[in-house]
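What follows draws every value from the coordinates through simple rules; no lab data is involved. Since the model is a prediction, treat every value here as computed from it, not as a measurement.
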C-alpha cells in the first residue's frame, strides 16, 4: 500500500461514507476492496469520496476494476464522489449497483 494512503470510515444507519486520502496504487485498491467487503453489510449505499487522492496509479485502477466481482454479494449502491471519481469508477460511471440476492 502506498505509505500515505488512508481510508476514513463513517457509518450511518443505512449508509457507509469512505474518504480516500493519499496515493492510489494496487495495494491501496486491495485495501479499499477489503474495507468494502468487511464494512458494507447492512447498508443500502456506500459513498466513496476520492477528492483526497493525490496520485492514481493505472495499476491501482486496474486492480480495483478487475476485482469488483468480489463485491457482487453485497446488495447495495456504490457512489464514488469527488474530483477523481471517474478515474476510479468502473467504465467511468461514478454510481453502480450490485443487486445480488441475500
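A few notes on this one:
- Here the gap between residue 68 and residue 33, fully extended at 0.36 nm per residue and compared with their Cα-Cα distance, gives a gain of 11.8 nm.
- Full extension of the chain between residue 14 and residue 86 gives 23.5 nm of extra length, using 0.36 nm per residue less the Cα-Cα distance.
- For the range 1-85: relative contact order, % (alpha-carbon pairs under 8 angstrom, 6 or more apart): 33 percent
- Rounded to 10°, Cα long-axis angle of helix 26-39 versus longest principal axis of the chain: 20 degrees
- DSSP bridge orientation in the range 1-49 - percent antiparallel, rounded to nearest 5: 55 percent
- Its DSSP H runs of at least 4 residues, each contributing -39,500 (n - 2.57), put the calculated 222 nm mean residue ellipticity of the chain at -7500 deg cm²/dmol, to the nearest 500.
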